[in-house]
Amino acid sequence: FDADEEDEQQQQRKVSSGDGFHHKIEEEDGEDEEEEEEDDALATPRWPQSYRKSMDIYSHMPSPSLNFLTSPNVSRSSLLSTSLGKHYESATSILDPLLTDQEFDKDEKRLTPSLPPPPPPQSHIVTVSSETRLRKTSSTRISPSSDAQDYHHLQLPKQGCTFFQATLNGINVLAGVGVLSTPYALKQGGWIGAIILLLFAVVCCYTGILLRKCLESEPGLVTYPDIGQAAFGRIGRLVISIILYVELYACCVEFLILEGDNLASLFPNAHFSFNGRKMESQKVFSMIAALFILPTVWLRDLSLLSYISAGGVVTSIIVVVSVWWVGAVDGVGFRNTGSFINFGNLPVSIGLIGFCFSGHAVFPNIYSSMKDRAQFNRVLQLCFLLCILMYGGVAIMGFKMFGAETQSQVTLNLPKQFVASKIALWTTVITPLTKYALTITPVALSLEELLPTQVSKNHFASVLIRTSLVTSTLFVALMIPFFGFVMAFIGSFLSLTGSLILPSACYLSISGRRIPKTQAIICVVTIFIGVIAAIAGTYSSVTGII
């Protein structure tokens, strides 16, 4: 009888605990529903959804597959066709979940057979509402376990860029037309510009590493706008996206100004007359360059252009070697000297230097594309080191060669009778023709997202948007044909914001009180310096343009 009484008491305790469990679920339903709404708001993909795919053009450089090069089909969903094939294309779709529950279970078993099972939950009581919330958020986020870092590498397929490929991608992003204006930066600010160049490289490399830490803070973060949303919600995603897109648009304006200046230097006597009015050669060649560029922006498949523009590393090296050859071999010499610091034009110099290291928009994509993401810091450090050597070398050589006569582009100073000068000029002319379409495509895709679905799928609408973008950039280039001041404005207002201020602010917001005080102080100082430099540089560049 004693045993029977004990069994009855245990059953009563189980029933009472069960009643308490269900009672607990009913009490928490209201709170859990509110949490579900917040989680859904964070998990729902917002504008721009095309950012990841458009930026992957710059962050994937495997060898192309002949099957894709000879395929007659041109798909809008495949901006870059590589040897990763359809598996990568489907896994990185911007309109579908990264991995469904079933696909994740299969990939987890196939890719990580040796991983230990995730640790057991601390509590065996799981409310019904929390299970529902997990099922809803799994459609846009990857949450295989509570430890995001252990399973973070499962977000992409096993294939990825090697250390060498990632380094080339990083250098190709950083080494652009900014190398042409580094001697002009020393002319504007004095020799202290070389020190600022080194300091900015170190700080921008540090903020690039901060972006990696932000990506690792929670699963599902892949792009820069994702980081902004994790840090400041929808407003953060929107602000970062607009800044990055405006920067890309402004770079296209710079490409057209660059084309006009260098072609006018090659053909100084060219001009165009209409109804008694004469148009300068610089504007004529900017218009001609826009006409040549226009068909390239209509392409839906930019894989061929992406491989050609990947030669940006080679073109930068050609410019460096050509400048050295003209000075050392052709006899121009390195005899000019200048002042150590020029306070009046120092903000313009800072803006020009800031433009050189504005690759943070693509750094998260490069990190996500790597096969071994633990090597990302070394990739970033090597990229900045090589860019310092290129930028610093051209800056010192160009300023020593031409001194106070240094123009906004060092190629404009090179004597035209030398073969090395012509090589540098033509290399500078060809490069923007291949990079323009890749640079304006993310902007075009983001605008197409804002259209109704039926309209955005219309090829004519896409052509109209891209043609309008080319026309508007040409108009701005004709109205403000000042390469140096436009670059200083971009570097001050946009590049410093995206490279110094926002990465530090996002990291502070995401990490909160978990970071050491020393690191928090460094981030705050970086934000303060970035704000002061951005305000001063923007004011000086706008004043110069006016």
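The values are calculated or read from the model by the stated rules, or taken from the named source; none is laboratory data. Everything numeric here is computed off the predicted structure, so don't read it as measured data. Using ideal geometry, Cβ is built from the backbone for each residue, glycine included, and neighbour counts are taken over all protein chains shown. Keep in mind that these areas ignore ligands, DNA and RNA; they rest on the heavy atoms of the full protein, side chains included. Shrake-Rupley method; radii C 1.70, N 1.55, O 1.52, S 1.80 Å.
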Here region 188-203 yields Karplus 3J(HN,Hα) values (6.51, -1.76, 1.60; θ = phi - 60°; whole Hz; Gly and Pro given as x) of 6, x, x, 5, 5, x, 5, 5, 4, 4, 5, 5, 5, 4, 5, 5
The equivalent-ellipsoid semi-axes of region 392-546, taken as the square roots of five times the Cα gyration tensor eigenvalues and listed largest first in whole Å, are 32, 30, 15
In units of 2.2 N^0.38 Å, the Cα radius of gyration of region 163-543 is 0.99
From the Cα centre of region 393-412 to that of region 450-504, the distance in Å is 29
The correct ranking of I196, I490 by accessible area at 1.4 Å, largest first, is I196, I490
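Ranked by accessible surface with a 1.4 Å probe, highest first, in what order do L186, L508 come?
Values: L186 5, L508 45 Å².
Solvent-accessible surface, decreasing: L508, L186.
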Counting sequence-distant residues (5 or more places) and residues on other chains, those with an amide H built under 5 Å from that of F272 are M279
To the nearest Å², the heavy-atom accessible area per residue of region 163-543 with 1.4 Å probe amounts to 40
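Give K53/K371; K435/K457; K278/K435; K278/K422; K278/K416 a once-over and call out the pairs whose C-alpha atoms are over 20 Å from each other. Walk me through the intermediate numbers first.
Details: K53/K371 18 Å; K435/K457 25 Å; K278/K435 30 Å; K278/K422 27 Å; K278/K416 25 Å.
Flagged as over cut-off: K435/K457; K278/K435; K278/K422; K278/K416.
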Amide H proximity to S217 below 5 Å, modelled H, separation 5+ or other chain, gives none
Whole-Å distance linking the alpha carbon centroid of region 312-374 with that of region 247-294 is 24
Residue by residue through region 233-246, the couplings from Karplus 6.51 cos²θ - 1.76 cosθ + 1.60 with θ = phi - 60°, in Hz, x for Gly and Pro, are x, 5, 4, x, 5, 5, 5, 4, 4, 5, 4, 5, 5, 5
Residues whose built amide H sits under 5 Å from the amide H of M370, excluding neighbours closer than 5 in sequence, are C161
When the charge dipole of region 163-543 is computed with +1 at the Cβ of Lys and Arg and -1 at the Cβ of Asp and Glu, the Cα pointing farthest to the positive end, of N458, A175, I257, is that of A175
Carbon/sulfur accessible area of region 163-543, % of total, 1.4 Å probe, equals 71
